Amino acid sequence: MGFMGELGDARKVFDEMCVRDLISWTTLIVAYVRVGDMGEAGVLFAGLGVKDMVAWTAMVMGFAQKGKPREALEWFDKMVEAGVEMDEVTLACVISACGQLGG
């Protein structure tokens with residue numbers, strides 16, 4: 001079974017969980033970002049109550065990696081507005097997005 005099948009299984013388990021913690025939400029968001037499904041990652045992100053740096057960075061990274069720098073920077077702006085701290089990974093994603101705009 002490929003990663004997409006495993007992701008489907010993970011989503012099924014997630015959907016059936018009685019209690020979902022920040023780690024389970026963020027892990028699934030990162031998995032959808034990894035396969036390039038930013039729509040589903042965004043749906044999950046919207047459903048996440050407390051959004052941490054990892055979840056925000058995953059969204060910024062996903063759009064930057066998909067060649068959508070404007071969206072990546074919009075997510076980064078929202079992250080800053082939300083007062084979420086950032087790390088080197090976040091900044092590397094932002095720099096990548098800025099570099100894509102300069103082309």
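Compute the helix-to-body angle for 3-16: its Cα long axis versus the longest principal axis of the chain, expressed 0 to 90° and rounded to tens. The two axes meet at around 70 degrees. The string of couplings for the range 36-47 from the Karplus curve (6.51, -1.76, 1.60, θ = phi - 60°) is x, 8, 5, x, 5, 4, x, 4, 5, 4, 4, x Hz, one whole number per residue in order, with x for Gly and Pro.
Listed from fewest to most Cβ neighbours within 10 Å, the set Cys18, Cys93 follows the order Cys18, Cys93. 3J(HN,Hα) along the range 66-79: 8, x, 10, x, 5, 5, 4, 6, 5, 5, 4, 4, 5, 4 Hz, from the Karplus curve 6.51 cos²θ - 1.76 cosθ + 1.60 with θ = phi - 60°, whole Hz, x for Gly and Pro.
Note on Met17 and Gln100: their simple-model spin labels are 2.8 nm apart, each label 7 Å out from Cα toward Cβ.
Across the range 81-96, computed HN-Hα scalar couplings (Karplus, 6.51 cos²θ - 1.76 cosθ + 1.60, θ = phi - 60°) run 4, 6, x, 7, 5, 10, 10, 4, 5, 4, 5, 5, 5, 5, 4, 4 Hz from first to last residue, x flagging Gly and Pro. Only one of [x] -0.28, -0.98, -1.05; [y] -0.22, -0.95, -1.05; [z] -0.38, -0.85, -0.89 was calculated from the structure for log10 I(q)/I(0) by the Debye sum over Cα atoms at q = 0.10, 0.20, 0.21 Å⁻¹, and its label is [x].
Every read-out reported here was derived from the displayed coordinates using simple, explicitly stated rules and does not represent laboratory data. Note that this is a predicted model, so its numbers are computed, not measured. Note that we place each Cβ from the backbone using ideal geometry, even for glycine, and neighbour counts take in every protein chain shown.
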